[in-house]
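Chemist: This is the structure I want to talk about, given as structure tokens.
What follows is calculated from the coordinates using simple rules that are stated; it is not laboratory data. No experiment lies behind these values; they were computed from the predicted model shown. Positions of Cβ are backbone-derived with ideal geometry, glycine not excepted, and every protein chain shown enters the neighbour counts.
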Amino acid sequence: MNILDQEHIRLTNRLKAELSVPRRIVVTTHQGPDGDGMGSSLAIYHFLKKQGHDVSVITPNDYPEFLHWMPSNAEVVNFMRQKPLAEALIEKAEYIFHMDYNHLRRSADMSHTLYQCKAIRILIDHHLVPELPSKYVFSKTDVSSTCELLFGIIKQWNAKLIDRVIATCLYTGIMTDTGSFCYRSVSPQTFSVAAELLKYGIDRSEIYDQVYDNYSENRMRLMGYCLNEKMEVFPQYAAALISLNLEEQKRYGFIVGDSEGFVNLPLSIKGIRFSALFLEKEDKVKMSFRSKGDFSVNDFAKKHYGGGGHLNAAGGDEKKPMNELIQQFRELLPLYEKELKAPPPAPPQREGETSALQMTKLAASWGQRVGKQAKMK
Ligand SMILES: [Mn+2]
């Protein structure tokens, strides 16, 4: 299994040589960090710490409570809440890691400080089109997550240092970025990496439990409210949307992370392949888009909402009123009717291999049909 190509192997070896003496290092991730952002940041944090570096993880802002159990979470510095400390750390840093994001603006209010800092940059990310000038660019879009790519890097760097703690962080990132190994971004390699991580004795059911089975009562009721009162389904376009305004969030004691995953809920309806979540914030509206199959929410978000992301998962921010943005979404749907209603692609077939299998299947179904008809008679 080669996660890294030759260029990335060379890059890893160079970085390893450069970091062979203790350095002051800051690890950062995108705003509103998710499991992959925090997983990759904390994994590289532990990996570098073990080599004697002075390392800090800095997030631009808060992240969901369901990630607070992660190893060394207490050491994480929050730029929004601990600005002087975070700024001092960034100014002093000799190296900065950018984990799971491809553009400085994704680091929100921290971007200015990061922009000015003279440290050597290392970008490790799986989003399309990296636009963050760095000396070391590890950008691969055919991996499920930054954590999958990072596993390849640190294995090449020094596999002996990988332990249960690092494996736990990496597994969390892969699990959350793949919807528990369900999304199309999952490849045989993703499972191989997960299998290797299991060998370090991680407790995968405990990780699942910590991340997914820890709703507050408020969050559970908010989810019920969203499904019951706030979900709009457009069966003719295989689409659905959910929106939440500030008043509704207040009513349910909303805290960061409470709407995490809600955008996926409508995709559980048979036939729905495109889903959107509109979340009103104090100064903007945050939008998330998800799809199944070939419909590119990356293109959709980029074209209409100044956002972007991946083929099946994307997002964006807008300062317009939420109702306007939702109305725009409703009006856009008919333009995509053909794409959205297209039947899902047939599974790939290998030449020669399928015919025998298909014949067996056909024969079986004929047999059933004949059997049924016989009974009916
Ligand atoms: Mn990611």
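Chemist: In whole Hz, with x marking every Gly and Pro, tabulate ³J(HN,Hα) for the range 333-341 from phi via Karplus 6.51 cos²θ - 1.76 cosθ + 1.60, θ = phi - 60°.
Modeler: 3, x, 5, 10, 3, 5, 5, 6, 8
Chemist: Hull surface divided by four, with the convex hull built on the Cα atoms of the chain: how many nm²?
Modeler: The number I arrive at for the chain is 23.0 nm².
Chemist: Taking the DSSP beta bridges in the chain as the whole, what percent of them are antiparallel, to the nearest 5?
Modeler: Around 40 percent of the beta bridges assigned by DSSP in the chain are antiparallel ones.
Chemist: Residue separation times 0.36 nm, minus the C-alpha to C-alpha distance between Leu246 and Lys92: what's the value?
Modeler: Stretched fully, the Leu246-Lys92 segment lengthens by 51.6 nm.
Chemist: Once both labels are modelled 7 Å past Cα along the beta-carbon direction, what's the Phe191-Arg14 spacing in nm?
Modeler: Taking the simple label geometry, Phe191 and Arg14 are separated by 3.6 nm.
Chemist: Sticking with this structure for a sec: Going from the alpha-carbon gyration tensor of the range 217-341, what semi-axes, largest first and in whole Å, does one get by taking the root of 5 times each eigenvalue?
Modeler: In descending order, the three semi-axes are 22, 16, 13 Å.
Chemist: Arrange the following residues from fewest to most other Cβ atoms within 10 Å of their Cβ: Cys169, Cys182, Cys147.
Modeler: Ordered by Cβ neighbours within 10 Å, fewest first: Cys182, Cys169, Cys147.
Chemist: Mind scanning Lys118/Lys320; Lys92/Lys135; Lys155/Lys302; Lys135/Lys286; Lys50/Lys199 and naming the pairs with a C-alpha gap bigger than 25 Å?
Modeler: Among Lys118/Lys320; Lys92/Lys135; Lys155/Lys302; Lys135/Lys286; Lys50/Lys199, the Cα-Cα distance tops 25 Å for Lys118/Lys320; Lys155/Lys302; Lys135/Lys286.
Chemist: Expressed in nm to one decimal, what extension gain is obtained for the pair Asp109 and Arg81 from 0.36 nm per residue of sequence separation less their Cα-Cα distance?
Modeler: Length gained between Asp109 and Arg81: 8.9 nm.
Chemist: Rounded, prolate or oblate: which fits the range 6-212, taking a ≥ b ≥ c as square roots of the Cα gyration tensor eigenvalues, rounded meaning a/c under 1.5, else prolate when a/b beats b/c?
Modeler: Verdict is rounded for the range 6-212.
Chemist: Considering only DSSP beta bridges where both residues belong to the range 217-341, give the percentage that are antiparallel (nearest 5).
Modeler: 75
Chemist: With the contact rule set at Cα under 8 Å and sequence spacing of 6 or more, what percent relative contact order holds for the range 6-212?
Modeler: 23
Chemist: For the chain, what is the calculated [θ] at 222 nm in deg cm²/dmol (nearest 500), taking -39500 (n - 2.57) for each run of four or more DSSP H residues and dividing by its residue count?
Modeler: That calculation yields -12500 deg cm²/dmol at 222 nm.
Chemist: Give the relative contact order (percent, whole number) for the chain; include only Cα pairs under 8 Å separated by 6+ residues.
Modeler: Value for the chain: 12 percent.
Chemist: Among Ser180, Ser40, Ser205, Ser134, rank each residue by its count of other Cβ atoms within 10 Å, from fewest to most, as a rough exposure measure.
Modeler: Ordered by Cβ neighbours within 10 Å, fewest first: Ser205, Ser180, Ser134, Ser40.
Chemist: Please give, to one decimal in nm, the separation of the simple spin-label points placed at Lys160 and Asn73, each 7 Å out from Cα toward the Cβ.
Modeler: For Lys160 paired with Asn73, the spin-label model returns 3.3 nm.
Chemist: Please list, by residue number, every one of the chymotrypsin sites (Phe, Trp or Tyr not before Pro) in the range 59-88 that is coil in DSSP and has at most 16 other beta-carbon atoms within 10 Å.
Modeler: Loop-located and lightly packed - Trp69.
Chemist: Turning to a different aspect of this structure: Would you mind checking the range 168-193 for residues with the amide N under 17 Å from a putative spin-label position 7 Å along Cα→C-beta of Leu128?
Modeler: What the label zone holds, given the 17 Å backbone N cut-off, is 184-186.
Chemist: Next question. Could you give the nm distance between label points at Val21 and Gln6, where each point is 7 Å from its Cα heading toward the beta carbon?
Modeler: Result: 3.2 nm between the two label points.
Chemist: Going down the list Lys250/Lys292; Lys83/Lys319; Lys49/Lys160, which pairs span over 23 Å between their C-alpha atoms?
Modeler: Lys250/Lys292; Lys83/Lys319
Chemist: Going by C-beta contacts inside 10 Å, put Asp125, Asp283 in order with the fewest on the left.
Modeler: Asp283, Asp125
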